[in-house]
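The values are calculated or read from the model by the stated rules, or taken from the named source; none is laboratory data. Small disclaimer: the values here were computed from a predicted structure and weren't measured. Positions of Cβ are generated from backbone atoms using ideal geometry, with glycine treated the same way; all protein chains shown enter the neighbour counts. Areas reflect the complete protein model, heavy atoms only, side chains present, ligands, DNA and RNA absent. Shrake-Rupley method; radii C 1.70, N 1.55, O 1.52, S 1.80 Å.
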Amino acid sequence: MKIVLASSEVVPFAKTGGLADVAGALPRELEKLGHDIVVFMPAYRCIHRAEPAVESTPVEFVLPVGNRVEAGRLLFSKLPDSQVTVFFVEHSHYFDRAQLYGSGGNDYEDNCERFTFFSRAVLESIRILGLNPDVVHVNDWQTGLIPALIKCEYRDHPSFENTSSLITIHNLAYQGIFEREKMAVTGLDGRYFNWRQMEFYGSLNLLKTGIVFADSINTVSPTYAAEIQQREQGCGLEGVLQDRRDRLSGILNGIDVSEWNPATDKHIAMTFDSDFDLNVGNRGKAKCKHALQVEAKLDPDPDVPLIGIVGRLATQKGWSLILPVLKAFLDSVAAQWVILGTGEPDYHHVLASLHRSYPDKLGLTLGFSNEYAHRIEAGADLFVMPSQYEPCGLNQMYSMAYGTIPIVRKTGGLADTVVNATHETTDNGTANGFSFDEFTPAALQATLARALRMYNEHRPTWNQLVQSGMKRDWSWNSSARQYEEVYRRTMLRESQRGHQ
Ligand code: ADP
């Protein structure tokens with residue numbers, strides 16, 4: 001298959017979130033499966049600091065953006081450890097900036113122009129280079145215009161004769177909503193500005209545009225795919241998604257096992273794997289726990305349960321549940337906590353004050369450190385992640401790969417990856433963590449208490465959960481095969497349309 005993937009961020013060139021990880025990892029896996037894949041992203045300032053180096057190409061184009069004509073050109077590089085070509089769309093005014101989407105907490109005012117230009121540049125480059133893709137795979141609102149442009153403007157061009165499109169939703173909360181006047185920027189006919197297509201309560205909505213015009217739609221976990229069709233998590237697009245439910249699926253992200261693998265990890269005190277005696281426990285992991293306790297200035301007691309948290313200090317991650325439970329535990333429960341995070345100032349203040357009161361039970365780092373995140377995943381016994389919503393989530397997968405038992409709320413990708421420990425799942429060996437439904441501190445507290453009982457009183461069963469999480473394949477391989485399948489279905493829809 002010939003695939004073009006367009007994304008506003010791609011690891012290792014630019015990243016603000018999980019989208020970049022997917023766009024950097026999936027193409028390499030698809031190449032391994034024998035597909036011909038090319039990636040497009042904007043030429044932000046930061047791409048020139050990345051490895052591999054970025055080089056120029058002779059490809060240039062001029063494009064309409066509203067009533068202006070803008071010139072751009074392509075740069076190129078490769079994804080590391082692969083032959084996958086990455087093309088960068090260069091336009092110095094739009095993309096040579098300090099940030100990707102905005103500064104000082106505000107979006108750039110011309111984001112609609114910037115990503116219209118990028119979307120048009122992808123299609124123009126496909127035409128100029130004669131790429132003839134079977135599937136154009138777009139991601140989130142920044143590339144939501146592409147499926148509409150394929151259908152409305154490029155359909156009759158030989159390079160797009162058999163081209164179908166897939167849009168992946170990484171987080172429905174971000175939709176690319178602009179005032180109605182921006183419809184003219186897209187260059188599409190004003191008749192598409194209606195509530196069934198590009199309009200959303202009087203504004204232009206680029207994610208909705210992608211969902212409406214793409215041949216297939218997916219999101220990053222099966223449960224999130226179901227949840228976003230309901231009012232509570234549909235962010236106003238539940239009706240559109242219900243309408244297109246026969247085209248909508250969920251595919252879990254994988255993790256990058258070249259970076260997150262306890263058997264090869266360079267950031268941890270001792271490497272370890274899933275091969276250990278359930279009655280003895282994992283010796284390598286025990287070493288990592290000791291090192292983490294020392295690093296976090298906690299008593300290096302091997303038997304006290306060590307609870308880890310890594311993540312954004314944002315409402316989405318369930319801090320309104322974590323904080324009361326943390327307070328209660330610090331007061332009365334024999335457990336240690338290690339927390340690494342950064343985000344909303346209110347959470348910083350509360351955590352800093354708890355840390356001052358309980359330095360012997362809470363190790364706190366308010367900041368961002370990839371290396372320390374590795375050491376927490378390797379050294380902690382439990383990992384707490386009670387998200388309000390979670391499209392896929394990576395940290396719970398890192399935890400299980402590192403033998404750290406996740407305590408999660410049953411939502412989105414957390415529901416699809418964590419198998420709650422019950423009599424049945426521990427008996428049949430599938431349990432790998434603990435989960436709960438209700439978004440309340442009491443539910444989190446009860447679940448943590450249940451987990452600690454198993455840790456303190458039934459260690460071989462606990463070790464069985466550890467081993468079960470470690471043995472599961474969290475790599476991109478199985479996700480890439482599912483994308484392959486969605487591309488096939490998407491192409492089939494397109495060919496059936498051609499025969500109508
Ligand atoms: P989200 O993308 O919603 O923030 P995920 O669990 O999908 O949540 O991914 C979060 C990623 O960011 C993980 O790789 C996690 O380790 C990393 N991360 C988040 N906060 C920090 C931090 N303070 N320090 C280091 N890594 C962090």
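The figures follow:
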{"item": "Cβ-Cβ FRET estimate between Cys46 and Arg356, R0 fixed at 45 Å, reported to 0.05", "result": "0.80"}
{"item": "Pairs beyond 31 Å (Cα-Cα), from Lys327/Lys471; Lys317/Lys471; Lys78/Lys287; Lys2/Lys317", "result": "Lys327/Lys471; Lys78/Lys287; Lys2/Lys317"}
{"item": "Segment Asp331-Trp195, length gained on full extension (0.36 nm per residue, minus Cα span)", "result": "43.6 nm"}
{"item": "Binned Cα-Cα distance frequencies in segment 412-500 - 5 Å width, integer %", "result": "3, 11, 16, 17, 13, 10, 8, 7, 6, 5, 3, 2, 1, 0"}
{"item": "For the chain: accessible area per residue (Å², 1.4 Å)", "result": "41 Å²"}
{"item": "Over the chain: helical MRE at 222 nm, DSSP H runs n ≥ 4 each giving -39500 (n - 2.57), nearest 500", "result": "-11500 deg cm²/dmol"}
{"item": "Cut-off under 5 Å, modelled amide H: who pairs with Gly308 long-range", "result": "Val338, Asp381, Leu382, Phe383, Val384"}
{"item": "Relative packing of 148-158, 310-320, which averages over residues the other C-beta atoms within 10 Å, highest first", "result": "310-320, 148-158"}
{"item": "Vicinal HN-Hα couplings computed from phi for segment 304-316 (Karplus, 6.51 cos²θ - 1.76 cosθ + 1.60; Hz; Gly/Pro x)", "result": "6, x, 10, 9, x, 9, 10, x, 5, 7, 10, 3, 3"}
{"item": "Of all accessible heavy-atom area on segment 283-474, the percent that carbon and sulfur account for (1.4 Å)", "result": "53 percent"}
{"item": "Pairwise centroid distance, computed over Cα atoms, of segment 301-348 with segment 90-142, Å", "result": "38 Å"}
{"item": "Over 42 Å [Cα-Cα, the chain], rounded percent", "result": "22 percent"}
{"item": "Relative contact order of segment 283-474, defined on C-alpha pairs under 8 angstrom at six or more residues apart (%)", "result": "21 percent"}
{"item": "Sorted peptide list for 373-380, 270-277, 11-18, criterion being average Cβ within 10 angstrom, highest first", "result": "373-380, 11-18, 270-277"}
{"item": "Nonlocal amide H pairs with Glu70, under 5 Å, H built at 1.01 Å", "result": "Leu63, Val65"}
{"item": "FRET efficiency for Ala184 and Val294, using Cβ-Cβ distance with R0 set to 51 Å, rounded to 0.05", "result": "0.25"}
{"item": "Label-to-label distance, nm, for residues given as Ser320 and Ala263 (7 Å Cα→Cβ offset)", "result": "4.3 nm"}
{"item": "Amide H contacts under 5 Å for Ile255, placed H, 5+ residues apart", "result": "Ser475, Trp476"}
{"item": "Contact order relative to length of the chain, as percent, for alpha carbon pairs under 8 angstrom and 6 or more apart", "result": "12 percent"}
{"item": "HN-Hα J in Hz across segment 248-264 - Karplus 6.51, -1.76, 1.60, θ = phi - 60°, x for Gly and Pro", "result": "9, 9, x, 10, 5, 5, x, 10, 7, 6, 6, 9, 10, 9, x, 7, 10"}
